[in-house]
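Each remark here refers to the structure printed beneath this line.
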Amino acid sequence: MADSADKYVTGKDGERRMKGVTLTVPVLTGTCAFFLGKKASEYQSHKWTVYMRSPTGEDLSHVLKKVTFVLHESFQNPRRDVEMPPYELTETGWGEFDIVVVLHFRDDVKEGPLELYHRLKLYDDAGVSNPKKPVVLEMYDEVVLWQPTETFYNRFTAHKPAPAPPSQLAQYYTTFQPDAEYQRIQRARQRLAQIRANVENTAAQLEAAHEAGAGWAGS
Amino acid sequence: MGDVKDILGVPRDGGLPAAPKSKKDTPKLVKPKGMSREAFALLSGSHPLMPSQLMGDIRKKEGVAGLKEKAKRDPRGVVTFQWRKFKNPARTDGLELEHWVKCFRDAQGRVSPADKGEYSFAKHNKKPPIMRYNDEEYKNLIKREPGWSRQETDYLLELCARFELRFPVIADRYEFPGAPERSIEDLKARYYGVARQLLVGREGGPESVANSTLVRHPFNPQHEQKRKRGLELLMQRSKEQDEAENEILQRAAQIEGKRKAEAAARRAAAGPAAGAAPGSQGATAAVVREVTEFTNEEVVGVPPLFDEEAQPKAPEKGATARGAAARELVDAVAAKQQGKAAKALEGALQEIKMEAFPRCPTRAVCGAYISLQHEVIELLELKRSVQAKQHLLAGMKRAKRDEDVDETPRSEKRQRLGK
């Protein structure tokens with residue numbers, strides 16, 4: 001019994017949860033926008049797709065029940081549910097806005113929906129519009145499930161990853177290098193530490209000079 | 001001669017009145033108010049002065065700076081001072097005295113005082129409320145105190161009313177046959193004790209009058225005596241005593257300073273040639289701090305999020321987006337920096353090309369980036385303090401140099417000045 005007290009905590013519905021355990025689900029929100037070129041009208045200049053996928057190309061339906069994309073209010077029926085992967089939604093429009101991507105978890109996760117924010121990007125930074133080359137913006141994030149329920153934890157750890165259903169946009173997907181990014185930050189921090197040591201040395205010298213000066217002036 | 005006559009305003013041709021035209025040619029020079037005498041003297045015929053009458057109009061229209069407006073006439077009339085009788089309503093004996101009173105004389109020649117009411121200082125005659133008791137109250141409400149008879153308490157209250165609670169005066173005039181020597185504290189303790197008991201007794205309990213000063217701050221004779229004794233001790237210290245103590249304090253400061261200098265010297269000696277070769281790689285490498293590492297691995301018992309100092313922190317909700325949470329935290333920390341510090345942080349991050357939040361916020365990246373921001377802020381703070389110290393030291397050196405320079409050539413300087 002002492003062992004179970006160490007291992008579990010009780011959730012607010014009395015369910016058993018894994019004490020101190022974190023499950024991480026990498027997710028990625030993205031938009032891919034095509035300029036319509038000659039077919040563009042004033043209010044429909046771009047055809048864009050917002051999507052939610054796993055950065056590793058895994059199928060996420062064992063965690064997610066559905067994904068809701070909340071669009072700008074000017075769209076008809078702005079809350080769009082996508083129940084099955086691939087979690088994609090295609091629309092036409094002319095303006096950039098924040099899309100709310102709501103992840104609804106499966107029932108045994110026993111967590112409320114999680115909102116991710118993604119800015120729809122239609123125009124690339126150079127301001128050029130090429131109908132053949134879409135403007136893609138992908139944002140990496142990680143869903144962390146802190147102290148998950150025991151049932152979900154068991155199911156999640158036993159789950160064998162399956163590939164996500166193919167998407168037409170796969171050719172435009174971007175890649176992420178978390179390790180390279182981490183190394184870059186760490187290198188910057190090492191440089192900072194060196195600068196800091198130099199500054200600290202200067203401070204110590206100043207302190208010594210100050211005290212020597214004070215002693216000299218006082219005597 | 002004609003000029004003199006012009007200036008004096010005497011007509012040139014004997015007693016004959018001058019033609020109006022000639023008057024216009026020689027306008028009377030009147031120094032405008034607000035113009036200095038010297039500036040006025042510089043003006044001559046080539047720079048005719050505007051008649052001051054006209055200036056007034058311009059002043060009003062354009063608000064010429066530096067020229068004061070003429071004082072307005074008081075509609076009440078001209079101020080005069082009159083020697084008049086007055087009565088002080090605070091007095092009961094109806095004594096009449098005389099003094100100068102500010103009055104106005106209006107166009108009809110009537111004189112009326114500026115202050116129409118009664119004697120203006122009468123309002124300052126405030127009487128403090130003195131608590132008095134009747135026979136029954138004395139019997140029921142007042143606690144007997146050894147050494148205080150009813151007669152003496154009556155006498156005390158009488159004096160309190162007469163001298164309006166000025167206890168030094170009361171103690172001075174206090175003369176009750178058969179009573180021991182009463183100090184100010186004794187008198188105060190008795191009076192305020194009686195007053196508090198009366199107040200509480202009349203209300204039936206201390207609750208309803210809990211806010212009254214008498215109840216809230218009961219008089220404490222011991223504290224007052226201690227305070228006066230302390231004050232007396234302080235005032236009685238002789239100049240020699242003060243000087244002796246100051247000297248001891250100075251010596252203590254000197255010893256403290258010497259100790260500090262020695263400690264600093266020891267520290268400089270202990271660090272491998274840090275003082276001797278500033279900036280050399282060997283000296284700095286010794287103190288470079290280790291950069292903490294972060295992993296992507298989730299360890300049981302370690303929460304997945306970070307706080308401002310990149311320490312693990314448990315999320316508020318079971319399901320959280322780590323990247324969004326870290327981004328929010330970084331933004332909040334940046335927003336806390338104010339003014340110059342905020343700009344410095346922004347500039348420093350841009351300098352090391354780290355102003356953008358990482359594209360791929362894994363656990364390790366989040367932790368490292370939050371640490372990075374924290375370390376940049378710390379470094380900037382350190383730099384600021386070092387700069388402040390440098391300024392201080394430079395100022396001290398300058399002061400010292402001035403002192404040294406000043407000592408010898410003072411007499412020379414004086415000679416130079418004399419020449």
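The values are calculated or read from the model by the stated rules, or taken from the named source; none is laboratory data. Note that the structure is predicted; figures quoted are calculated from it, not measured. Every residue, glycine as well, gets a Cβ built from its backbone with ideal geometry; the counts of neighbours run over all protein chains shown. Remember, those area values only see protein heavy atoms, side chains included, never the ligands or the DNA or RNA. Shrake-Rupley method; radii C 1.70, N 1.55, O 1.52, S 1.80 Å.
Pairs exceeding a 32 Å alpha-carbon distance, out of A:K65/B:K313; A:K133/B:K313; A:K7/A:K160; B:K258/B:K343; A:K47/B:K313: A:K133/B:K313; B:K258/B:K343; A:K47/B:K313. In chain A, helices alone account for a calculated mean residue ellipticity at 222 nm of -8500 deg cm²/dmol, with every DSSP H run of four or more residues adding -39,500 (n - 2.57). Helix A:178-218 and the longest principal axis of the Cα set of chain A meet at an angle near 20°. When both the stretch A:53-109 and the stretch A:147-194 are represented by their alpha-carbon centers, they are found 19 Å apart.
Long-range amide H contacts for A:Y87: which residues qualify at under 5 Å (H placed 1.01 Å from N, peptide plane, sequence gap of 5 or more or a different chain)? Amide H neighbours of A:Y87: A:M52. Our summary gives chain A a relative contact order of 24 percent, counting only alpha carbon pairs under 8 angstrom and 6 or more residues apart.
Rounded to the nearest 100, the interface formed by chains A and B buries 5200 square angstrom of accessible surface, both chains summed, with a 1.4 Å probe.
Contact residues in the stretch A:163-199 (at least 50 Å² less accessible area with all protein chains than alone, 1.4 Å probe): A:E181, A:Y182, A:R184, A:I185, A:R189, A:L192, A:R196, A:V199.
So, with a 1.4 angstrom probe, what is the percent of accessible area on the stretch A:2-171 that is carbon and sulfur?
Answer for the stretch A:2-171 is 51 percent, counting heavy atoms of protein chains only.
Net charge dipole, the stretch A:2-171: roughly 360 debye, given to the nearest 20, about the Cα centre with Cβ charges of +1 for Lys and Arg and -1 for Asp and Glu. By a 1.4 Å probe calculation restricted to protein chains, A:H210 has an accessible surface near 50 Å², given to the nearest 10. Of the trypsin sites (Lys or Arg not before Pro) in the stretch B:115-171, the ones in a loop by DSSP (not H, G, I, E or B) with at most 11 other beta carbons within 10 Å are B:K116, B:K126, B:K143, B:R144. Name the residue from A:V25, A:V128, A:F156 whose Cα lies farthest towards the positive end of the charge dipole of the stretch A:2-171, charges +1 on Cβ of Lys and Arg and -1 on Cβ of Asp and Glu. Ranked along the dipole, the leading option is A:V128. Charges were assigned to the Cβ only: +1 to each Lys and Arg, -1 to each Asp and Glu. The resulting dipole of the stretch A:4-87 about its Cα centre is roughly 20 debye.
Calculate the FRET efficiency for B:R132 and B:H99 from the Cβ-Cβ distance with a Förster distance of 30 Å, rounded to the nearest 0.05.
So, using R0 = 30 Å, E works out to roughly 0.25.
Averaging 1/r over each pair of different alpha-carbon atoms in chain A and inverting the result gives 21.6 Å, the Kirkwood hydrodynamic radius. Express in Å², to the nearest 10, the accessible area of B:I377 obtained by rolling a 1.4 Å probe over the protein heavy atoms while all chains stay in place. My reading of the accessible area for B:I377 is about 20 Å². Counting only heavy atoms of the protein chains and using a 1.4 Å probe, A:T175 has close to 100 Å² of accessible surface. Pick from A:A40, A:A193, A:A209: which is most flexible by mean-square fluctuation in a GNM of chain A where alpha carbon atoms under 10 Å apart are linked? Result for chain A, Cα springs under 10 Å: A:A209 fluctuates most.
Considering only A:N198, A:N130, A:N77, the mean-square fluctuation computed in a Gaussian network model of chain A, springs between alpha carbons under 10 angstrom, is largest for A:N198. Between the C-alpha center of the stretch B:71-102 and that of the stretch B:353-386 there is a gap of 77 Å.
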